[in-house]
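Quick one: the structure is below, questions incoming.
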There are 4 protein chains.
Amino acid sequence: MGMPIELNTMIVTKGNETREEENIFRLAKDGYRLYPIDIPIDVRKTIQSDTSGTAVIQKVEWTSEKTIITYELLSLNSTN
Amino acid sequence: MGMPIELNTMIVTKGNETREEENIFRLAKDGYRLYPIDIPIDVRKTIQSDTSGTAVIQKVEWTSEKTIITYELLSLNSTN
Amino acid sequence: MGMPIELNTMIVTKGNETREEENIFRLAKDGYRLYPIDIPIDVRKTIQSDTSGTAVIQKVEWTSEKTIITYELLSLNSTN
Amino acid sequence: MGMPIELNTMIVTKGNETREEENIFRLAKDGYRLYPIDIPIDVRKTIQSDTSGTAVIQKVEWTSEKTIITYELLSLNSTN
């Protein structure tokens, strides 16, 4: 009967993000996910990878068993 | 540090809903609120009032410290 | 990576509750479940069954992928 | 009507933790707080301070408008 939610503490992009504006990205994930909003959190490409930057989620949308987040990338960890 | 969320188990409209389509309504509430989605829940005009109907939330949006829900009204309790 | 949680809006006992005191019951459920606490909610024996009463959850414990709730039964819907 | 919850992504001790066993600590916080459980998270003395270590929460208890967490400290960031 209950509603499954996944508590997430970081953004894992798996390279699926799309750029909306200069530093604003949009990412769709399966299922309903609870993210901290308005708070700086880690961005990673995969769960195992190192942090690739810090972002603040500005918007979370839940619909049709998907979660769409819009986030502003604050800093990028360059590794080259 | 944490992010305040309010767990809600019913929709309390306070008469602020707007009709989007035949049975589809949209309602903005202050703060970030966690609602059960895709599950029939009670709709009331105020917390103290009797149930005015049953609805299923189809979409939840969190942004700028507001929560906007889109819900389909399934049944209305007529009381006249 | 995320942590799965199930949002629950009522207590479904499946007859697994144990009485602790006069009107105080304890119930263990699989997984981590988010229940409204300190608020009257429905108690049912199964998801499909009618409400068997109203209870207020007084304590929620999450450990070892189980959720243990302690609740006070406020009213019973007698059906005989 | 709703139930206020605070989503927390790290443990902020403010020096209020008590040692239960070798690496097991217990900490009470005001209000109902949602923490990631069974997942390594940061431990800090204050919100502004640097990470003082990493811990895994083993148990979360919600009762009487308090949250009590039991966590295992996995690593300490020594700074001397």
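The values are calculated or read from the model by the stated rules, or taken from the named source; none is laboratory data. Quick caveat: nothing in here was measured; it's all calculated off a predicted structure. Every residue, glycine among them, receives a Cβ derived from its backbone with ideal geometry; neighbour counts consider all protein chains shown. The protein model used for the area step is the full one, side chains on, heavy atoms only, and it has no ligands, DNA or RNA in it. Shrake-Rupley method; radii C 1.70, N 1.55, O 1.52, S 1.80 Å.
Taking the condition modelled with pLDDT of 95 or more, farther than 21 Å from B:Ile69 by Cβ and of a type in the set (Val, Ile, Thr), does A:Ile39 pass?
Values: modelled with pLDDT of 95 or more: no; farther than 21 Å from B:Ile69 by Cβ: yes; of a type in the set (Val, Ile, Thr): yes.
No: the conditions fail for A:Ile39.
I'm told A:Ile11 meets every condition in (1) open to solvent by 20 Å² or more (accessible area, probe 1.4 Å); (2) touching a Leu at 6+ places or on another chain (Cβ under 8 Å) except one. Can you identify the failing condition by its number?
Failed condition: (1).
Something else about it: What number of residues in the stretch B:31-76 are in contact (Cβ under 8 Å) with a residue 24 or more places away in the chain, under 12 Å from the mean Cα position of the chain (by Cα) and not in a loop (DSSP other than H, G, I, E, B)?
Qualifying residue count for the region: 19.
Tell me which of these C:Gly2 doesn't satisfy, since it passes every other one: (1) buried (at least 19 other Cβ atoms within 10 Å of the Cβ); (2) touching a residue at least 12 places away in the same chain (Cβ under 8 Å); (3) touching a Lys or Arg at 6+ places or on another chain (Cβ under 7 Å).
Among (1) buried (at least 19 other Cβ atoms within 10 Å of the Cβ); (2) touching a residue at least 12 places away in the same chain (Cβ under 8 Å); (3) touching a Lys or Arg at 6+ places or on another chain (Cβ under 7 Å), the lone unmet condition for C:Gly2 is (2).
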